[in-house]
Amino acid sequence: MALEPLTDVLCESNGGRTNDSEVPRPTSRHQPELGPNPNNFSRLCSRDEAERAEALEELTQNVMSRLGLDRPGSARLDKHTLLQLLRVSRSCPLQEVRERAAELLRTAQERGVEIPQALASGPSAFIPAQVILEEGPDEEVLIEAFLSLGRFDHITMVMALHPTYLSCFLRTQHALLELDGPLPRPWRHYIVVMAAARHQCSYLVQQHSAGFLEAGGEESWLEGLQNTHPKIRCLHTLNKLLAHRPWLITQQHIQELVCPGADARWSLAELIHAVVLMTHSHSLSSFVWGCGLHPEPDHVGGHAFCPPSPSNNMPQSTHSPAPEDGKPEDGVTEVEVLMKRMVELQQQEEECSQEEMITRFERERSESIPTAVVRGAPSDLVLRLVEDAEFIYEDFSIRGEQSPPTMRAQDYSWEDHGFSLVNRLLPDMGQLLEEKFQVVCGLTYNRMAMHKDVDTYTLRKALWNYIHCLYGIRYDDYDYGEVNVLLERGLKMFVKTVACHPEQTTERVYSAYWRLFRHSEKVHVNLLLMEARLQAALLYTLRAVTRYMT
């Protein structure tokens with residue numbers, strides 16, 4: 001299935017998980033250019049085949065010219081160009097472009113240039129590269145994504161396991177970052193950066209820091225929130241609440257930002273745009289951590305420079321096979337038990353009283369599910385963009401303590417309230433989000449592990465409602481006893497970690513549940529998790545906006 005075309009937008013920026021504080025940045029327009037014209041790389045993404053061929057030849061000639069001058073006292077290939085060549089050689093789905101970039105790197109190494117080497121064999125630390133190749137989409141989908149984005153990054157590679165979802169995700173992200181809207185383009189990238197920093201997601205911080213600079217943003221802003229515009233600084237409280245405890249958001253928070261006379265006043269349209277950007281970034285951070293994404297090869301943490309001598313240390317293609325993880329034999333029983341429980345629930349005719357439904361919700365909400373171990377201190381790259389770093393997620397309901405009132409979906413829902421409010425203040429965005437929610441909730445291949453022709457509706461619904469339960473949202477017509485029947489403890493631990501403490505996600509947590517399921521099925525869990533979390537945070541904010549407006 002092909003992706004629907006977006007536009008020929010170059011998004012040269014991407015990032016990686018790293019402990020380094022140095023971030024490679026695009027060459028400043030005030031510095032002398034030491035490498036090929038960057039436009040050569042952008043033109044490689046043209047839909048015009050002749051223009052791509054011409055750009056490839058120009059790039060080749062420029063690189064070879066630089067290599068000819070590569071002697072003491074002469075100009076050398078700059079680091080940025082070498083990293084762009086590495087990126088293209090690793091991930092471009094166009095074979096002639098990928099192979100030419102790899103050839104240019106080999107030639108540079110033969111001429112005595114230190115070239116970068118990718119540190120990872122694939123996009124994910126959790127999913128073998130060979131699995132992504134085998135379960136991934138047709139080449140047509142990969143090429144369309146590359147031509148639309150200007151690169152084929154690790155997020156896209158993993159999401160491409162579900163091309164229908166990827167298509168609407170890319171449309172929504174493109175509209176948020178590139179199309180006409182109330183916020184300037186540099187601000188949009190910066191808001192994503194400050195939101196991703198809450199979850200120590202240096203992958204997105206690096207990706208959108210580069211996008212921020214390419215859009216004309218001030219480099220000093222990346223040194224800390226204190227250097228930004230007063231309006232951006234005013235988002236700090238809302239950002240941390242959205243990231244960690246959205247149920248605490250009230251109309252007072254909205255009033256402080258938008259009411260006449262407020263310092264650095266936001267319009268409602270601007271604020272909704274910022275809120276959608278922040279929730280998009282927070283939930284995408286969950287996806288990045290939940291899928292164990294490696295840094296991009298052209299960013300800090302994704303490469304190392306090797307000595308200028310040809311050897312077997314040249315970057316290997318991501319198309320090379322990787323061994324499949326071993327699977328425990330008792331996973332077969334796990335799958336069979338889950339399938340049996342799903343069938344029993346679908347055939348069940350017993351109806352619970354409303355009181356019993358509420359009791360089961362409260363039992364699920366207050367269940368103690370440990371999360372993974374806490375990681376070490378985040379890098380300076382992230383820390384300088386975070387204030388009040390000790391403010392993190394706390395269980396919505398803690399036994400023995402008074403908890404905030406539950407949000408009943410019947411009182412405020414996306415379908416009846418949130419959708420129309422977003423569409424009114426940020427035209428078309430409500431429709432784009434609705435499409436994304438519908439696609440991810442309806443996404444099914446009617447299979448489960450090694451079984452085919454399986455109706456997975458009850459399992460998908462249990463996952464979605466459990467994530468909303470973690471955020472204090474209750475559906476009166478749903479029996480939360482189904483969550484306990486269908487979601488085993490290992491899966492609950494993974495879901496809670498990725499939804500609430502994504503930076504604590506480890507491969508052990510990822511591997512501990514659904515041991516015989518395909519990796520693409522686990523990516524589907526991450527997609528459901530990402531969208532359910534996004535919708536939950538949006539609902540609390542939109543309810544506060546509605547109360548402010550009335």
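Give the Rg/Rh ratio for the range 76-117, taking Rg as the radius of gyration of the Cα atoms and Rh as the Kirkwood radius, to two decimals.
Values: Rg = 9.7 Å, Rh = 10.1 Å.
Radius of gyration over Kirkwood radius for the range 76-117 works out to 0.96.
Please list the non-local residues whose amide H lies under 5 Å from the amide H of H303, H modeled 1.01 Å from N, same-chain partners needing a gap of 5 or more.
Distant-sequence amide H within range of H303: L119.
Hey, how many Å between the Cα centroid of the range 482-550 and the Cα centroid of the range 193-271?
So the two Cα centres are separated by 24 Å.
How much length is gained if the chain between E135 and M549 is pulled fully straight, taking 0.36 nm per residue apart and subtracting their Cα-Cα distance, in nm to one decimal?
On the way: separation 414, 0.36 × 414 = 149.04 nm, distance 4.78 nm.
Here the answer is 144.3 nm.
Label points 7 Å out from Cα along the Cβ direction at D428 and E218: separation in nm?
3.1 nm
Apply the Karplus curve 6.51 cos²θ - 1.76 cosθ + 1.60, θ = phi - 60°, to the phi angles in the range 223-229 and return the couplings in whole Hz, x for Gly and Pro.
8, x, 4, 5, 9, 8, 5
Grab the Cα-Cα distance for D477 and S420, subtract it from 0.36 nm times how many residues apart they are, and report the gain in nm with one decimal.
The span from D477 to S420 would gain 18.2 nm if fully extended.
Rank by packing, highest mean first: peptides 270-281, 456-467, 176-187, with packing defined as the count of other Cβ atoms within 10 Å averaged across residues. Mind showing how you got there, number by number?
Details: 270-281: 24.4, 456-467: 20.3, 176-187: 17.1.
My ranking of the peptides, most packed first, is 270-281, 456-467, 176-187.
Can you tell me the FRET efficiency between Q95 and N227 if r is taken as the Cβ-Cβ distance and R0 is 41 Å, rounded to the nearest 0.05? Let's see the in-between values first.
Values: r = 44 Å, r/R0 = 1.08.
Calculated transfer efficiency: 0.40.
Packing-wise, with mean Cβ within 10 Å as the measure, how do 474-483, 497-506, 140-149, 528-537 rank, highest first?
Working: 474-483: 18.1, 497-506: 22.6, 140-149: 20.9, 528-537: 25.0.
Ranking the peptides 474-483, 497-506, 140-149, 528-537 by packing returns 528-537, 497-506, 140-149, 474-483.
List residues of the range 182-218, by number, whose backbone nitrogen lies under 16 Å from a label position 7 Å along Cα→C-beta of L383.
From the range 182-218, the list is 197-202.
Using label points projected 7 Å from each Cα along Cα→Cβ, tell me how many nm separate F305 and D180, to one decimal.
Result for the modelled spin labels: 4.6 nm.
Residue by residue, what Karplus-based ³J(HN,Hα) values in Hz, rounded to whole numbers, does the range 128-136 have, using 6.51, -1.76 and 1.60 with θ = phi - 60° and x for Gly and Pro?
Those phi angles translate into x, 4, 5, 5, 5, 5, 6, 9, x Hz.
Suppose every Lys and Arg Cβ carries +1 and every Asp and Glu Cβ carries -1, with no other charges. What dipole size does the range 76-117 come out with about its Cα centre, to the nearest 20 debye? The partial results should precede the final answer.
Numbers: 8 positive and 6 negative charges, 22 e Å.
It comes to approximately 100 debye.
Using 0.36 nm per residue, how much length does the chain from T164 to S267 gain when fully extended, once their Cα-Cα distance is taken away?
Numbers: separation 103, 0.36 × 103 = 37.08 nm, distance 3.44 nm.
Contour length minus Cα-Cα distance gives 33.6 nm.
Values in this text are rule-based calculations from the coordinates and carry no lab data. Everything numeric here is computed off the predicted structure, so don't read it as measured data. For neighbour counting, all protein chains shown are included, and Cβ atoms are generated from backbone atoms with ideal geometry for every residue, glycine included.
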